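Okay, structure first, notes after.
All of the numbers you see were taken from the coordinates with simple rules; none came from a lab. Since the structure is predicted, the reported quantities are computational estimates derived from the model, not experimental observations. Ideal geometry is used to build each Cβ from the backbone, glycine not excepted, and the neighbour counts take in all protein chains shown.
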Amino acid sequence: MSPKLDLRKLEEFDKMAVDGADGATKRLSGLTGVEAEVECSRLHVVSTEEVLGEFERDDALAISIHLEGYLEGEVVTVFDRQSGQELAEAFMPMLPSDSGYTDKHEGAAEEICNVMVSGYVDGWADMKEDSIVMSPPEAVSSAIEGEDEGSVETEYIHEGADAIAQRSTIVTPDGEIEFEMYMFLEEESTQRLFGAESGSVTLDDETLGTFNAVIDEGITSLTEHLGGKLDLEVDVEHTVLDIVPTERLSGTVSDEGSSGVVVELTEVPRGYLLVLFDERSDELVSRRVEPADELTTDDERTPETDRERAIATAGNEVVESIVGGLTEQFGGPIETTPLALVEDMRSSIVNDAAVNLGPDERFVLNFEVGLGTTDGEFSCTVYTLIRPNDVLDEMDR
């Protein structure tokens, strides 16, 4: 049985994880002289198959460190070959760079991870006045060409389950180095730290996995319908289910200019559905999509030009697919407001929706889907922002 997680306790978990990622980054900069920062730190519901797929990439170096004591689990740091090599050579300038990427680079990367993870967990141990014991670092996936480790499954990461994991993305200002840190907690440790008390509002990975599947069902029809409108082969580039503090949601989104549509889900599950196109895709949609004759749109933001009508038409295709999937799961019609056209920085659009969820919503479930074409000509991101309590109430029925 998956542990029930108290949403109030998750606030503390989120804060400590963000502080931990900052601590790891400072240790990295002090050790290598490479200036780095935490791009985002998010609590994910992840398919372990997806995580294993990331670890098993040919150019992926995955280094695992086990934790015992106050925190019991595993921290896995994942580099691509280039990032691992650059950090290793910054740490040990005497490494033979002319020999390319070698096992000596991986040994140096292991030492870097050991120092970073120490910075990650020290704050947790200090706050709780308890010890955390780290195992020696171990490369569970090598980025050396021709190396074959077989399965990279570990004690906490294995096929056949969804898992709740803290994932932090650490980057350099120039974007040349980027890597991920995952923390997976052992189930009893999770229950002890964040387990539900009587009368508390709870989440578990089974509930979140079910919600994940609901949205997934709508994605297949979504790509077909939208691809038909554009006369293009549209694929799903990424899907992410986050549990994000409402005030930090916009910080996980870029400031690029975007246009699209927003609808509010006014009946359970309540929330917002956002369909956003980048500037290049906006132009493609306006050229390729034939505007629908009739669309129900917000009176204050009615499409006035052919471009705006095309954007509304494409956005409506996505909205109908997602709402259809939610309708099947929740057993009744999902009421929505009319389409509202939006055009602004993406972070501002997402922040407005998050704020409108209400002051009592400390967390939001954010299911993010990235759509695109292989040539990069088209890109669309769909955000489904749902109030956690509504999902819990409906799933419990």
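For the range 82-93, in order, what is each residue's ³J(HN,Hα) by Karplus, 6.51 cos²θ - 1.76 cosθ + 1.60 with θ = phi - 60°, in whole Hz (x at glycine and Pro)?
Result, rounded to whole Hz: 5, 5, x, 5, 5, 5, 4, 6, 5, 6, 10, x.
Among 279-288, 231-240, what's the highest-first ranking by average C-beta atoms within 10 angstrom per residue?
Ranking, from highest mean packing down: 279-288, 231-240.
Sorting VAL382, VAL253 on the 10 Å Cβ count, fewest up front, what's the list?
Ordered by Cβ neighbours within 10 Å, fewest first: VAL253, VAL382.
With label points built 7 Å along Cα→Cβ from the Cα atoms of ARG287 and VAL355, find their separation and express it in nm.
3.6
Using only Cα atoms, locate the centre of the range 321-392 and the centre of the range 63-123, then give the distance between them in Å, rounded to an integer.
37
With θ set to phi - 60°, apply the Karplus curve 6.51 cos²θ - 1.76 cosθ + 1.60 along the range 341-351 and write out the HN-Hα couplings as whole Hz, x wherever there is a Gly or Pro.
Each residue of the range 341-351 in turn: 6, 9, 7, 5, 5, 4, 4, 5, 4, 5, 4 Hz.
First measure r as the distance between the Cβ atoms of THR266 and LYS26, then evaluate 1/(1 + (r/R0)^6) with R0 = 45 Å and state the FRET efficiency to the nearest 0.05.
0.50
What FRET efficiency would be calculated for the residue pair GLU12, GLU304, taking the C-beta separation as r and a Förster radius of 56 Å, to the nearest 0.05?
Plugging the Cβ-Cβ distance into 1/(1 + (r/R0)^6) gives 0.70.
If the chain between GLU35 and GLU294 were fully stretched, how many nm would it gain, using 0.36 nm times the residue separation less the Cα-Cα distance?
So the extension gain works out to 87.9 nm.
With the Cα gyration tensor of the range 242-309 giving a ≥ b ≥ c as the square roots of its eigenvalues, does the rule (a/c under 1.5 for rounded; else a/b larger than b/c for prolate; else oblate) give rounded, prolate or oblate?
It comes out oblate by the Cα gyration axes.
Is the shape of the range 300-341 rounded, prolate or oblate, going by the alpha carbon gyration tensor and its root eigenvalues a ≥ b ≥ c, with a/c under 1.5 for rounded and a/b larger than b/c for prolate?
Cα axes put the range 300-341 in the oblate bin.
May I have the convex hull volume per residue, in Å³, for the Cα set of the range 288-390? Please list the in-between numbers first.
Details: hull volume 14.5 nm³, N = 103.
Per residue, the Cα convex hull of the range 288-390 comes to 141 Å³.
For an R0 of 30 angstrom, estimate the FRET efficiency from the Cβ-Cβ distance between ARG57 and GLU328 and round to the nearest 0.05.
Numbers: r = 34 Å, r/R0 = 1.15.
My answer for the efficiency is 0.30.
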